[in-house]
Amino acid sequence: MKRRDFDKALAATALGAIAPFQVARAQAKKLRVGMLLPLSGYEGFIGQSCKKGSDLAPGVIKELTGVDIELMNADTESNVQTARSRAERLIDEGANVLVGAFDSGATAAIAQVAEQRGVPFVVNIAAAPQITEQGYKFVFRNFPTAVELLRNGLSLIGDLFQATHETPRTAVYMHVNDTFGQSMTNGIKAMLPKLTQLPFKIVDEVAYDPATKDLSVEVAKAKASNAEFVLLVCRLNDAILLRREIVKQRWNIMGIVSPGSPGMYEEQFYRSLGKLSDYCISNVPWYNPKAELTKTVDRAFNKLFPKDKLMYNALNVGYTFEALLVAADAFKRAGSTAAQPLTAAIRSTNITNRMMLGGPIKFDAKGQCEGNLSACVENLHEQPMVVLPQAAAEAQPVFPWPAYKKA
C-alpha cells in the first residue's frame with residue numbers, strides 16, 4: 001500500500017470510530033444538564049432553595065413530557081470566577097445545556113462561557129439587563145430583567161399605599177452593591193422620578209456589601225435620614241442583619257418594602273427572625289397558587305421534602321423548575337442534544353402550562369422572556385402571603401407596621 005493510500009485508510013478508520021460516538025451523543029435519550037447554583041458562601045441558603053427545584057424537576061418532567069434528565073450539579077460558591085470555571089468544567093464533562101445561576105454576576109460569567117463554547121444556557125434567576133443585551137445566541141432567560149422587576153415592583157408599591165390608605169412622603173434607599181444591586185439602583189434612579197403616582201421621595205441612599213457581617217453603621221446612617229420607610233434591595237443574610245439592627249437601634253419606621261429582590265421571603269429569614277420577620281414586604285415574581293402545574297410541583301415537593309413547604313421556596317423552586325422544563329421541552333422537540341438544533345428549539349419555545357405568574361414562556365430575539373408578573377408578598381404569621389393584586393390575594397395588606405408610632 002502506498003503512503004497516500006495508507007493515510008486515507010487511516011483517516012477513514014478514525015472517522016468511522018468517532019462518528020458513532022457523535023451520533024450517539026446527538027441522538028441521546030437523556031438530556032445532561034449542568035446545574036450551577038451558589039450552594040455555599042453568602043448566597044448558600046438561596047442556592048440550596050433553588051436546588052430543591054432542580055431536585056424535584058427530573059421526576060415531574062419525566063411524568064409530564066417523558067424526557068429523562070441527568071443533573072450534573074456544580075457549586076458556584078457565591079463567587080463569579082468559580083462560576084466561570086465550574087461552567088467550563090461541566091461542558092468538558094459533557095453537559096448538553098447549562099442552567100443557573102441565581103446571582104447576576106455569576107450568571108453573566110457563565111453566559112460568556114456558554115457563548116464561547118457554543119452550549120445553550122437557560123437562566124433560572126438573574127435580573128441584570130446586560131445578560132440578554134450582549135447579542136448572545138446561546139443564552140435564554142425566563143426571568144424578568146431589573147427594569148421589569150422595578151416597573152412591576154414600584155407599581156405595586158403605589159397599589160399598596162392605595163389599599164392601606166397611607167401616603168408616606170420619604171424613603172431611605174438601602175441596597176447591596178453587587179451586580180444585581182447596581183442594576184436595580186440604576187433602574188430606580190431612572191424610573192422613580194417619572195412615576196408621579198408614587199408620593200414619596202428618596203432622602204438618602206445607603207449601599208453595602210452583601211457579604212457583610214455588620215450593618216450597624218449603615219442602619220445608623222439610614223436612621224439619621226428620618227425617612228418614614230425603607231426601600232430595600234437585598235439578599236438573604238444582609239436582610240436578616242438589617243432587620244435585627246433596626247430593632248437594636250430602636251428605629252421607628254413604617255416598614256420595609258422591596259421593589260423586587262430576594263431575601264425577606266426566604267425560609268431562613270423566618271427561621272432566623274421568628275415574629276420579627278412579619279410585615280416585611282417583597283414585590284416579586286411569584287407562583288400562581290391556582291395553576292395545575294403548581295399543584296403538581298407542590299405534591300412532588302411535599303414528597304421529597306416532607307419537613308419543608310413550597311411557599312418558603314416559591315420563587316427559587318418555581319423558576320428553577322421552569323428553566324429545566326424549558327430545556328426538556330426543547331430537547332423533546334429537537335430530538336437531539338447537539339448544540340445547534342437544541343438551541344434552535346429553545347428559541348422557538350412556547351410553554352403555556354406554567355406555574356409562575358405571567359404569560360406563556362416565549363423568548364424574543366435577545367433570548368429574553370417577557371410578560372413575567374410580580375405579586376406583593378407580605379410576611380404574615382411568619383409565612384409569605386400574597387396581598388396584591390386583589391385577584392390573587394390570600395390576605396389583606398398591613399402597612400404601616402403595627403408597632404409604628406407617628407412622631
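Bear in mind that the values in this text are calculations on the coordinates, not laboratory data. None of the values given here were measured: they were computed from a predicted structure. When we count neighbours, we look across all protein chains shown, and the Cβ atoms used for this are built from the backbone with ideal geometry, even at glycine.
Taking Cα centroids, how far is segment 314-365 from segment 106-183 in Å? Spelled out, the Cα-based centre of one part sits 19 Å from the other. Find which of 176, 305, 187 sits farthest along the positive direction of the dipole of the chain, computed with +1 on the beta-carbon of Lys and Arg, -1 on that of Asp and Glu, about the Cα centre. Selected residue: 305.
For the chain, what proportion of DSSP beta bridges, expressed in % and rounded to the nearest 5, is antiparallel? Could you put the intermediate results ahead of the total?
Working: 13 of 48 bridges.
The answer is about 25 percent antiparallel.
Distance between the modelled labels on residue 209 and residue 117, one decimal in nanometres: 3.0 nm (7 Å Cα→Cβ projection).
Residues whose amide H comes within less than 5 Å of that of residue 233, counting only those at least five positions distant or on another chain, are 174, 175, 176 (H built at 1.01 Å from N in the peptide plane). Taking 18 Å as the cut-off, the amide N atoms of segment 274-317 that come nearer than this to a point 7 Å along the Cα-to-beta-carbon line of residue 162 belong to 283-284.
Using only Cα atoms, locate the centre of segment 274-300 and the centre of segment 25-76, then give the distance between them in Å, rounded to an integer. Going from one Cα centre to the other spans 21 Å. Qualifying GluC sites (Glu not before Pro) in segment 95-161, where qualification requires a DSSP coil assignment and no more than 16 other C-beta atoms within 10 Å, comprise 133. On full extension, the segment bounded by residue 362 and residue 381 gains 3.2 nm, given 0.36 nm per residue less the C-alpha separation. Beyond 23 Å between alpha-carbons counts as too far, so tell me which of 223/248; 194/223; 248/405 fall in that bin. Where the Cα-Cα span goes over 23 Å, the pairs concerned are 194/223.
Ordering 59, 42, 72 by the projection of their Cα atoms onto the charge dipole of segment 40-79, which places +1 on the Cβ of Lys and Arg and -1 on the Cβ of Asp and Glu, puts 59 at the extreme positive end. In the list [x] 57.5; [y] 21.3; [z] 26.6, the label attached to mean projected area of the Cα convex hull in nm² as derived from the coordinates here is [y].
Mean residue ellipticity at 222 nm, helices only, the chain: -14000 deg cm²/dmol; runs of at least 4 DSSP H residues each add -39,500 (n - 2.57), and the sum is divided by the number of residues. Here the Gaussian network model covers the chain, with springs between Cα atoms less than 10 Å apart; of 102, 229, 305, 305 fluctuates the most.
Remark: the Cα gyration tensor places segment 266-311 in the oblate category, a/c being 1.5 or greater and a/b not exceeding b/c.
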